[in-house]
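The structure appears right after this line, and notes come after that.
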Amino acid sequence: MKSYEEINARIRRGEAVVLTAEEVIPLVREHGPAAAARKVDVVTCATFGAMCSSGAFLNLGHAEPPTRLTRVLLNGVPAYGGLAAVDVYLGATERSSRAGYGGAHVIEDLCARRPVHLRAWSRASDCYPGRRLEGWIHLDHLNQAYLFNPRNAYQNYAAAANSSPRVLRTYMGTLLPRLGNVTYSSAGQLSPLMNDPHYRTVGIGTAVFLGGAVGQVAWEGTQHNPLRQRGPNAVPVGPAGTVALIGDLKKMHPRYLRAAFMPGYGPTLYVGVGMAIPILDAELAAAVGVSDAEIFTEILDFAVPSRSRPSLGRVSYRELRSGEVELEGKRVPTVSLSSYPRAREIATLLKEWVLAGRFPLRPPVSPLPQDRGLQPFSPVPRPSPTRRESECLECGLCAVAPAACPLGVR
């Protein structure tokens, strides 16, 4: 066993051994997990792919006269203004009337220090009398601008194919008819949560490489599903764990935060995410030693319009990355939607940050849950529209004017 304190002390003394997830695989294979755990202190891993569940909180600053923004357009893309006053949330997949452009493109424009056009409207009130705001904004002039991505860095993800006679345009890219191609989106052996399958070193407060800056895990990601079926090496087969990430957009770089547009689907944001895994013991050394040949996923048939799409087969990432797989008796070309070279670049850069003491290694404040499962959409009975006095907040506004009750229960 090694501790975080011991590993950080070795980093400060310049004695730490830090490898990328690619570099550590042959070492574990040759010497075994126990010896590898003694030799290696930290393993860096990364992914660079489309992460649709991403977005940015922006504080635009108060105008004169004060204006509470209720309808907001940034370069023609709607942003959510229901956060009071001048805070907005811009979702990556929000579309504009401009072809091929959306929220992801606004985020990249901001990150690249390009001016963004703002148009906003207000209902006006006594405290916020302004009704309209228009002008250009710039990242460096915003009070705060930070990514808050509810679901990033899937632990694994299904591949996609199409058995129908027509072309399908999906978030997994263009799927050719009659099993004409297979698309997939994962860095496999380099991917962060693949290398810590039980989330022993990844949890709330864990530092991450996010878009070229140091961010952190804010919470479990939406659709976090650690109960997904796992293979013999503990790596899940298909979508499983996810993380919600937060980081300062002002410190990020557009090389690691890129907008894209999937034909027929819409905008998405390519996000670079990296993690540094401290090798505390042989179990973690064994986990980082798992290669693409040992990581499997299902190929789902997107011709079936259901959340329970049938599987056309199970393949390893080594097969997917070879350029073709066998599917129903024929060789089918494979296409990666994520960038493995860019993931390798991030893992190498993160290795340099760790060795230079520029990347914090610390235990999670709270672990990611291990017992979550996914629930389908399930409507509940319509609630009664009436309010009861038992719902009173006891705020005291009704003492001044009964009609001022914010809940309407008095």
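The values are calculated or read from the model by the stated rules, or taken from the named source; none is laboratory data. If you're wondering where the values come from, they're calculated on a predicted model, not measured in any experiment. Using ideal geometry, Cβ is built from the backbone for each residue, glycine included, and neighbour counts are taken over all protein chains shown.
Before moving on, here are some points about what is shown:
- Of all residue pairs spaced 6 or more apart or on separate chains, those with beta-carbon atoms under 6 Å, a first member in the stretch 294-317 that is aromatic (Phe, Trp, Tyr) and a second member that is at pLDDT below 95 are 296/231; 296/237.
- Cβ separations smaller than 6 Å between residues 6+ apart or across chains give the following pairs from the stretch 199-212 residues that are assigned by TED's automatic domain parsing to the domain that holds residue 272 and touching a residue at least 24 places away in the same chain (Cβ under 8 Å) to residues that are hydroxyl-bearing (Ser, Thr, Tyr) and crowded, with 18+ Cβ neighbours inside 10 Å: 211/256; 212/256.
- Candidates are the residues of the stretch 243-269 that are touching a helix residue (DSSP H, G or I) at 6+ places or on another chain (Cβ under 8 Å) and under 27 Å from residue 372 (Cα atoms); the one that is surrounded by the fewest Cβ atoms within 10 Å (Cβ to Cβ) is 268.
- For the stretch 103-125, the candidate set comprises residues that are in a helix (DSSP H, G or I) and in contact with a Leu (Cβ under 8 Å, 6 or more places away or on another chain); within that set, the residue that is nearest to residue 268 (Cα to Cα) is 104.
- Of all the residues in the stretch 132-142, those that are in contact with a strand residue (DSSP E or B) (Cβ under 7 Å, 6 or more places away or on another chain) and either among the β-branched types (Val, Ile, Thr) or outside any strand (DSSP E or B) (or both) number 3.
- The residues of the stretch 294-325 that are touching a helix residue (DSSP H, G or I) at 6+ places or on another chain (Cβ under 9 Å) and among the basic types (Lys, Arg), listed by number, are 318, 321.
- Among the residues listed as 44, 93, 67, the single one being hydroxyl-bearing (Ser, Thr, Tyr), surrounded by 15 or more Cβ atoms within 10 Å (Cβ to Cβ), at pLDDT 95 or above and more than 30 Å from residue 255 (Cβ to Cβ): 67
- Of all residues in the stretch 178-207, exactly one satisfies the criterion of being touching a helix residue (DSSP H, G or I) at 6+ places or on another chain (Cβ under 8 Å), outside any loop (DSSP other than H, G, I, E, B) and closer than 18 Å to residue 354 by Cβ, namely 190.
- Residues being surrounded by fewer than 13 Cβ atoms within 10 Å (Cβ to Cβ) and either of a type in the set (Gly, Ala, Ser) or outside the structural domain of residue 156 (by TED's automatic domain parsing) (or both) - total across the stretch 313-364: 4
- Selection within the stretch 382-410 - outside any loop (DSSP other than H, G, I, E, B), of a type in the set (D, E, K, R) and at pLDDT 70 or above: 391
- Some residue of the stretch 324-334 being over 27 Å from residue 260 (Cβ atoms) and touching a Pro at 6+ places or on another chain (Cβ under 7 Å): no
- Test: residue in the stretch 328-351 that is farther than 18 Å from residue 188 by Cβ and within 19 Å of the chain's Cα centre (by Cα): no
- Pair list, Cβ under 6 Å, 6 or more apart: the stretch 122-139 residue touching a residue at least 12 places away in the same chain (Cβ under 8 Å), other residue β-branched (Val, Ile, Thr) and in a loop (DSSP other than H, G, I, E, B): 122/67; 122/70; 123/70; 128/67; 130/67; 133/67
- Matching residues, the stretch 143-162, being part of a loop (DSSP other than H, G, I, E, B) and surrounded by fewer than 17 Cβ atoms within 10 Å (Cβ to Cβ): 143
- Residues of the stretch 121-135 include none that is surrounded by 17 or more Cβ atoms within 10 Å (Cβ to Cβ) and under 27 Å from residue 171 (Cα atoms).
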